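The values are calculated or read from the model by the stated rules, or taken from the named source; none is laboratory data. What you are looking at is a predicted structure, and each value in this text was computed from that prediction instead of being measured. Because the Cβ atoms are built from the backbone with ideal geometry, glycine has one as well, and the counts that use them run over all protein chains shown. Please note that ligands, DNA and RNA were not included when accessible areas were found on the heavy atoms of the full protein model with its side chains. Shrake-Rupley method; radii C 1.70, N 1.55, O 1.52, S 1.80 Å.
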Amino acid sequence: MRAMALPRPHAPLVMEERPIPSPGVGELRLKIEACGVCRTDLHVVDGELTQPKLPIVPGHEIVGRVEAIGPSVTGFSLGQRVGVPWLGHTCGHCPYCLSARENLCDDPLFTGYTRNGGYATHTIADASYCFPLPETGDPATLAPLLCAGLIGWRTLKMAGPAEAIGIYGFGAAAHIIAQVAIAQGKRVHAFVRPGDQAAAEFALSLGAASAQDSDALSPEPLDAALIFAPVGALIPRALAATKKGGAVVCGGIHMSDIPSFPYALLWEERRLLSVANLTREDAREFLALAPTIPLKMRATRYPLARANAALADLREGRLQGAAVLIP
């Protein structure tokens, strides 16, 4: 098998030839059809997530076919298409797992961070954290659902009831969840990197009510703001745009430092929340919902050997929608 591995933080990924692994108890071996390139992968490569299991094969938006089934696995068949998300394993017995909050597990494994992921031709995954996917359709447009879609869905749910929603940072997650919110009858206002006219036009093409630079005033007071850009300075701006009793939800795993801001921005029962990982129930809900909208997915495809180029394009904001590796 071939894999693009990270030897150490801040280093380019390196193509390696490895033996094809055998699945252990409770595991599946997948032949990968596509793997999305997520901003979380950038945080791993750039050393902003500080505890990877090195060397690591990144990638946690995996679409693959079951090639081998380990002992004690039921419910899957050879050749079946499945998806593998960021949450790769939980302990099942900590207080969080026992209270339906497995996304906060004390002893988890994360795909592409603490267990090898999908920047490869094959991978091993815990069968309990794999999800059936449609047998037909382009795997490149399914892959972003496994993180951008799932985290976007959890972020939207945590915002609570809302009619006017601001989305800060219009990348892979935003372009998916904006369509979900619009399908639910919400008004979506997109806030993009200053000067990024292409992102603004992309948001409008998907049905956003408005699109403007992230430092601009909101066209209307927001019931909720969803922040996907890893920019701490957006939090005071989003709070200032949000109504009394509204919510600002941070959907990323890493963010630059948040500047100080006056308490008046948070007062009047505004809520500032973060999203951590996902639960399997989130995955079941969203993967059932997505085909009913239906989503218009934009995916820029890269061969596996060009994973470094895909990461660079994501880092520099040269993409609209999602980047996807094809082995």
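What list of ³J(HN,Hα) values in whole Hz, one per residue of the stretch 75-86 in order, does the Karplus curve 6.51 cos²θ - 1.76 cosθ + 1.60 (θ = phi - 60°) give from phi, with Gly and Pro shown as x?
Going residue by residue, I get x, 10, 10, 4, x, 5, 8, 9, x, 10, x, 4 Hz, with x marking Gly and Pro.
Compute the distance from the alpha-carbon center of the stretch 1-61 to that of the stretch 255-327, in whole Å.
18
Amide H of residue 272: which non-local residues (sequence gap of 5 or more, or other chain) have their own amide H closer than 5 Å, using H built in the peptide plane?
For residue 272, the qualifying residues are 248.
How much length is gained on full extension from residue 293 to residue 50, taking 0.36 nm per residue of separation minus their Cα-Cα distance?
Value of the extension gain: 83.7 nm.
Let me check I've understood the local charge: for residue 175, count other residues with C-beta under 9 angstrom from its C-beta, Lys and Arg +1, Asp and Glu -1. What total comes out?
After counting each charged neighbour, the total is +2.
What is the sum of charges around residue 205, taking Lys and Arg as +1, Asp and Glu as -1, for the other residues whose C-beta is under 11 Å from the C-beta of residue 205?
Here the charged neighbours net out to +1.
How would 86, 267 line up by accessible area, probe 1.4 Å, largest first?
Largest to smallest exposure gives the sequence 267, 86.
How far apart, in nm, are two points set 7 Å out from the Cα along the Cα-to-Cβ line at residue 99 and at residue 14?
Reported label-point gap for residue 99 and residue 14 is 4.4 nm.
Could you name the lysines whose alpha carbon sits less than 27 Å from that of residue 244, not counting residues in the same chain fewer than 8 places away?
157, 186
Taking 45 Å as R0, compute the FRET efficiency from the Cβ-Cβ separation of residue 306 and residue 271 and round it to 0.05.
Approximately 0.65, to the nearest 0.05.
Using only the Cα atoms of the stretch 20-60, build the gyration tensor, take square roots of its eigenvalues as a ≥ b ≥ c, and label the shape rounded, prolate or oblate: rounded if a/c is under 1.5, else prolate if a/b is larger than b/c, else oblate.
Judged from the Cα gyration tensor, the stretch 20-60 comes out oblate (a/c at least 1.5, b/c at or above a/b).
Rounded, prolate or oblate, given the Cα gyration tensor of the stretch 272-325, with a/c below 1.5 counting as rounded?
It comes out prolate by the Cα gyration axes.
Could you report the chain's accessible area per residue, 1.4 Å probe, as an integer in Å²?
Result: 42 Å² per residue.
Within the accessible area of the chain, what % is carbon and sulfur when the probe is 1.4 Å and the other protein chains stay in place?
55
Can you tell me the FRET efficiency between residue 91 and residue 254 if r is taken as the Cβ-Cβ distance and R0 is 22 Å, rounded to the nearest 0.05?
It comes to 0.40.
Return the inverse of the average 1/r over all pairs of distinct C-alpha atoms in the stretch 120-191, which is the Kirkwood hydrodynamic radius, in Å to one decimal.
After inverting the mean inverse Cα-Cα distance, the result is 13.9 Å.
Run the Debye formula on the Cα coordinates of the stretch 60-199, all scatterers equal and no solvent, and tell me log10 I(q)/I(0) at q = 0.10, 0.11, 0.12, 0.19 1/Å.
The calculated log intensity ratios at q = 0.10, 0.11, 0.12, 0.19 Å⁻¹ are -0.43, -0.52, -0.61, -1.18.
Which residues in the stretch 143-167 place their backbone N less than 15 Å from a point set 7 Å from the Cα of residue 184 along the Cα-to-Cβ direction?
So the set is 149-167.
Non-local amide H neighbours of residue 49 (under 5 Å, H modeled in plane, Pro and chain starts lacking H): which ones?
So residue 49 has HN proximity to 44.
Note down the net charge around residue 10, summing +1 for each Lys or Arg and -1 for each Asp or Glu among other residues with Cβ under 13 Å from its Cβ.
0
Can you compute 3J(HN,Hα) from phi for each residue in the stretch 252-259, using the Karplus curve 6.51 cos²θ - 1.76 cosθ + 1.60 with θ = phi - 60°, rounded to whole Hz and x for Gly and Pro?
Values, residue by residue: x, 8, 9, 8, 5, 4, 8, x Hz.
At 222 nm, what helix-only mean residue ellipticity would the chain give, in deg cm²/dmol to the nearest 500, using -39500 (n - 2.57) for each DSSP H run of four or more?
-6000 deg cm²/dmol, from helical runs alone.
Checking the cross-link filter: which aspartates and glutamates have an alpha carbon closer than 16 Å to that of residue 296, excluding same-chain neighbours under 8 positions apart?
In chain and number order, the partners are 138, 201.
Where in the stretch 162-184 does the amide nitrogen come within less than 12 Å of the point 7 Å from the Cα of residue 209, taken along Cα to Cβ?
Inside the label zone: 162-167, 182.
Once amide H atoms are built 1.01 Å from N in the peptide plane, which residues 5 or more positions from residue 222, or in another chain, come under 5 Å H to H?
The list, which skips near neighbours in sequence, is 242, 243.
May I ask for the Rg/Rh ratio of the chain, computed from Cα atoms with Rh as the Kirkwood radius, given to two decimals?
We get a ratio of 0.96 for the chain.
From the C-alpha coordinates alone, can you work out the Kirkwood hydrodynamic radius of the stretch 184-322, in Å?
17.0
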